[in-house]
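Coordinate-derived values only; no laboratory data. In this text the structure is predicted, and so the values were computed from the model without any measurement. FYI the Cβ positions are ideal-geometry reconstructions off the backbone, even for glycines, and counts take in every protein chain you see.
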Amino acid sequence: MLRLTVSTEEYLMIGDNIKIVFLGGSKNHTRVMLDIPKNVNVVRSKVIEARTTDPEEKQKLSHYYAVPELAEKYRKKKAAGK
């Protein structure tokens, strides 16, 4: 699993033909733009969870949670006097 911190309008390339652009957002929402070929299937996690009726299969689904605060070693240092 790769975890990144990105700025608005940065993008990720997956292979030669998939681009994920981060458009910004608010505290609880992030807007992304997916530039992908039409033959690539994209499904939101909410749809997958809603379609899965077997409790055992639901337990196998991946769940990711936002980290409320970055560890001190990952924070940018503030300039003195500001």
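Overview of results
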quantity	calculated
Residue 74 versus residue 50: modelled label distance in nm, points set 7 Å from Cα along the beta carbon direction	3.1
Set of lysines with alpha-carbon distance to residue 73 below 28 Å, sequence-local pairs under 8 removed	27, 82
Projected label distance in nm at residue 18 and residue 58, using a 7 Å step from Cα toward the beta-carbon	2.8
